[in-house]
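The values are calculated or read from the model by the stated rules, or taken from the named source; none is laboratory data. None of the values given here were measured: they were computed from a predicted structure. Heads up, the Cβs are rebuilt from the backbone with ideal geometry, glycines too, and the neighbour counts pull from every protein chain shown.
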Amino acid sequence: MPKLIQNLQDLIALPSISSDNPKLDTSNRAVIDLLAERLADLGFAIDIQTVTDGSANGADSVNSKFNLIATLGSGSGGLVLAGHTDTVPFDEDKWQSDPFTLTDRDHRFYGLGTTDMKGFFAVALDAIESFCQTLGDKSKLKQPLILIATADEETSMAGAKALVAADMLQARYAVIGEPTGLKPVRMHKGVMMESISLEGCSGHSSNPALGNSALDAMHKVIGELMALRESWGKQYQNPAFEVILPTLNLASIHGGDAPNRICQHCELRFDVRLLPGMQNDDVRHSIRTRVESALAGSQIIAKHSSLFDGVSAFLEPETSELVRFAEKLSGHNAISAGFATEAPFMQALGMQTIVIGPGSIECAHQANEYLAQDQIKPGIDLLKSLIQQYCL
């Protein structure tokens, strides 16, 4: 435990916030370098991939982002242990302790990212080191062990997208260490975030004929979206999820500038949570078709844009070898999750994939985030067993 605690303490001390707000956003390079150093000491080959270059200064930029691909052994199979290095922003005044100082209290380790998901890296490092000590001669590895640390999962999935674009992973199995309470997750919903902007014509409010109200038109668009949501609910249902239907959340609407002017511009923002079996492109096509129907003959111009182009829904078959082995190791049947992960990107690289890791998603993304200490040893043992199974 002392080395694990030190690794977790060092990881928590390094800010790696991912945010759409440039004033809050930071590079994850320091976390990548720390993990690379620890893994190089264990004999891993290190590859650091530039994901985004925040400025002309490249690696020195406060906003540049990186992936780590660390490999022990060689071959086209093996196991990937994957996680994201970034955290969400934080509300300092709501924390009972310094978010960047690991705090041991009430059999929990508190700190920003302890459960989502720097704690996984500390557990993985400990499992890997223990495995290597037991193995002795690393030439005994029959398949490679690969640790992946990605950037910007919390905002854009840029790190995972860069991995898919590079197509440099040839492993057969992938474990994403998001906090699941050490229960295997084999499916989760997809997510996309969209914007519809309508452009009409302003005019004096005393006479509607003097303009063309974008807000009136948006009322019709919202009606069509609600009807589309209802039709999805009849077409797609999955009782494995807490919310068994796909959802469309009408999140915000902005338009107009004065009560006595006809509204010229109106924007609606919303997200869609997709069930397995629904495709992002098909959903976007359905939305556009409904909007066109709502605006037919109105002379209103619609502009569609993606605020977040999305994560596909994830489904690993229950008959998957990896699913069955994870169920055996954990003692739990595979479940679904309401949150999205990088799992679909690992699947896109041809790997059987599950999501399983220490910690609880219920304390992620909020003040006083913590990792329960009773999750640590079972997490180490689980990862060691997975490495043993798929690398030896």
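Per the listing 184, 144, the residue uniquely modelled with pLDDT of 95 or more, in contact with an Asp or Glu (Cβ under 9 Å, 6 or more places away or on another chain), in the same structural domain as residue 328 (by TED's automatic domain parsing) and under 17 Å from residue 389 (Cβ atoms) is 184.
If the condition is being assigned to a helix (DSSP H, G or I) and in contact (Cβ under 8 Å) with a residue 40 or more places away in the chain, then the range 136-152 contributes 138, 140.
Of all the residues in the range 221-254, those that are crowded, with 17+ Cβ neighbours inside 10 Å and farther than 18 Å from residue 193 by Cα number 2.
Within the range 1-35, the set of residues being within 19 Å of the chain's Cα centre (by Cα), more than 13 Å from residue 119 (Cα to Cα) and of a type outside the set (S, T, N, Q) comprises 15, 17, 20, 24, 25, 29, 32.
Within the range 263-299, restricting attention to residues that are touching a residue at least 60 places away in the same chain (Cβ under 8 Å) and in a loop (DSSP other than H, G, I, E, B), which residue is farthest from residue 205 (Cα to Cα)? Only one residue tops the list, namely 276. Residues in the range 248-267 that are more than 24 Å from the chain's Cα centre (by Cα) and not small (Gly, Ala, Ser): 253, 254, 257, 259, 260, 261, 262, 263, 264, 265, 266, 267. Modelled with pLDDT under 95 and farther than 18 Å from residue 82 by Cβ - does that describe any residue in the range 321-340? Yes, the range 321-340 contains at least one residue that is modelled with pLDDT under 95 and farther than 18 Å from residue 82 by Cβ. Restricting attention to the range 153-199 and to residues that are closer than 28 Å to residue 253 by Cβ and not in a strand (DSSP E or B), the residue that is farthest from the chain's Cα centre (by Cα) turns out to be 189. Scanning the range 26-50 for residues that are more than 27 Å from residue 131 (Cα to Cα) and surrounded by fewer than 20 Cβ atoms within 10 Å (Cβ to Cβ) yields one hit, 50. Considering (1) in contact with a Phe, Trp or Tyr (Cβ under 7 Å, 6 or more places away or on another chain); (2) assigned to a strand (DSSP E or B); (3) more than 18 Å from residue 216 (Cα to Cα), the lone condition that residue 306 does not fulfil carries the number (1). Cβ separations smaller than 7 Å between residues 6+ apart or across chains give the following pairs from the range 243-255 residues that are closer than 16 Å to residue 339 by Cβ and touching a residue at least 24 places away in the same chain (Cβ under 8 Å) to residues that are surrounded by 13 or more Cβ atoms within 10 Å (Cβ to Cβ) and of a type in the set (Ser, Thr, Tyr): 246/236.
For the range 255-265, state whether one or more residues are modelled with pLDDT of 95 or more, of a type outside the set (Lys, Arg), surrounded by fewer than 20 Cβ atoms within 10 Å (Cβ to Cβ) and within 20 Å of residue 192 (Cβ to Cβ). No; the residues of the range 255-265 include none that is modelled with pLDDT of 95 or more, of a type outside the set (Lys, Arg), surrounded by fewer than 20 Cβ atoms within 10 Å (Cβ to Cβ) and within 20 Å of residue 192 (Cβ to Cβ).
Within the range 283-310, the only residue that satisfies the criterion of being out of contact with any helix residue (DSSP H, G or I) (no Cβ under 6 Å at 6 or more places or on another chain) and closer than 19 Å to residue 241 by Cβ is 283.
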